[in-house]
Each structure stands twice: as C-alpha cells, then as structure tokens.
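A.B. asks: To start, I am sharing the structure in question, which I have written as structure tokens.
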Amino acid sequence: MRNEVIFHSEALEKEGNTLVQMGFRCDACGKTSYPVYELCPFCSSGEGSKTPLSNTGTLFSYSVTRVPVGPFKPPIIAGYIDLPEGTRVFGQIRADVKAVKTGMSLKVETGTIWTEKDGTEVIGYYYTPCGKEKGGAE
C-alpha cells in the first residue's frame with residue numbers, strides 16, 4: 001500500500017473512488033466561492049454548504065515560471081480558471097507551454113502533484129486542456 005496525503009484537504013473530497021474539487025455555495029446570496037469558507041466572502045452569511053465544482057472552465061490568465069520552485073521542475077504553468085458557477089480558481093496547468101492561451105477550455109484532474117523524499121505521494125488538483133483550441137492571447 002502506498003502512502004499518500006491530500007494537499008489542501010478542504011479543496012478535494014472523496015466521492016466513491018474519485019476526488020472532487022469542492023467549493024462553498026451560499027444560501028443567502030447564491031454565490032459560489034473557492035475554497036470552502038465558514039462565512040460567505042461576498043455577504044458574510046454562515047448559511048451554506050460544500051458543493052462540487054464544475055469539471056471544466058476557461059483560462060482567464062496565466063503565468064509561466066522558468067526556474068524550479070520547491071518540488072516542481074520548470075516550466076511551471078499556473079493560472080486562474082473561471083468556472084461556470086462564477087468562481088475563479090487558481091491552479092497548476094499541465095500542458096505544452098506553446099499550447100496555452102487565455103480563453104482556452106481546461107478540465108480539472110486529480111493525481112500526484114509531487115512525491116516527498118520518504119515516498120509519500122501528495123495528491124492534488126491541476127488543469128489540463130480539453131482539446132484543440134482556437135484563438136486567445138499567448
């Protein structure tokens with residue numbers, strides 16, 4: 001059996017054998033936020049619940065880091081992804097740097113984001129392209 005830990009456990013929740021990215025849906029104002037908060041960041045209501053977020057979104061903005069950062073090897077692509085719920089999520093993007101464009105469709109995936117020296121796999125979320133894209137700024 002391998003040893004694994006979920007990075008930012010409030011961000012992901014197991015549903016069966018699948019990890020699902022979770023947000024907070026406010027009952028008072030109806031807005032969805034990420035990550036899960038005790039109080040709505042829009043209206044300060046404590047009335048709401050965890051809710052699964054959409055599996056796909058649109059890349060709003062991104063940046064490429066070309067030096068190693070912690071366990072990550074360059075190039076490291078990170079960006080803000082707009083989800084249909086009106087929520088903007090920050091995450092790593094796993095794709096060819098030349099193929100990444102603002103406005104492209106991305107899907108969330110979960111898996112090992114790095115492995116500790118003791119062999120523990122750190123599980124988290126990241127985004128990958130949905131398919132062939134057109135347009136957008138590079």
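FYI, it's all coordinate maths here, none of it is from the lab. Remember, it's a predicted structure, so these values are computed and weren't measured experimentally. Using ideal geometry, Cβ is built from the backbone for each residue, glycine included, and neighbour counts are taken over all protein chains shown.
A.B. asks: Would you calculate the volume per residue, in Å³, of the smallest convex hull containing every Cα atom of the chain?
C.D. replies: 129
A.B. asks: Additional query: Any idea what the relative contact order of the chain is, in percent, if you count C-alpha pairs under 8 Å spaced at least 6 apart?
C.D. replies: 22
A.B. asks: Here is a further query. Computed from the mean reciprocal separation of all distinct C-alpha pairs, what Kirkwood hydrodynamic radius does the range 64-138 have, in Å?
C.D. replies: 13.5
A.B. asks: What percent antiparallel are the DSSP beta bridges of the chain, to the nearest 5?
C.D. replies: Percent antiparallel among DSSP bridges in the chain is about 90.
A.B. asks: Which aspartates and glutamates, on any chain, are close to LYS50 with Cα under 15 Å apart, when same-chain ones fewer than 8 places away are left out?
C.D. replies: LYS50 reaches GLU10, GLU13, GLU15, ASP27, GLU38, GLU85.
A.B. asks: Under a Cβ-Cβ limit of 4.7 Å, which cysteines in the chain have nobody to pair with?
C.D. replies: CYS130
A.B. asks: Over 30 Å between Cα atoms: which of LYS31/LYS107; LYS73/LYS101; LYS31/LYS98; LYS14/LYS98; LYS73/LYS107 fall into that group?
C.D. replies: Values: LYS31/LYS107 21 Å; LYS73/LYS101 21 Å; LYS31/LYS98 34 Å; LYS14/LYS98 33 Å; LYS73/LYS107 22 Å.
Exceeds cut-off: LYS31/LYS98; LYS14/LYS98.
A.B. asks: Given H placed 1.01 Å from N in the peptide plane, which residues other than close sequence neighbours of LEU12 have an amide H under 5 Å from its amide H?
C.D. replies: The list, which skips near neighbours in sequence, is MET22.
A.B. asks: Taking a spot 7 Å from the Cα of TRP114 along the direction of its beta carbon, which residues of the range 1-26 have an amide N less than 17 Å from it?
C.D. replies: Taking a point 7 Å out along Cα→Cβ of TRP114, the residues of the range 1-26 whose backbone N falls under 17 Å are 4-9.
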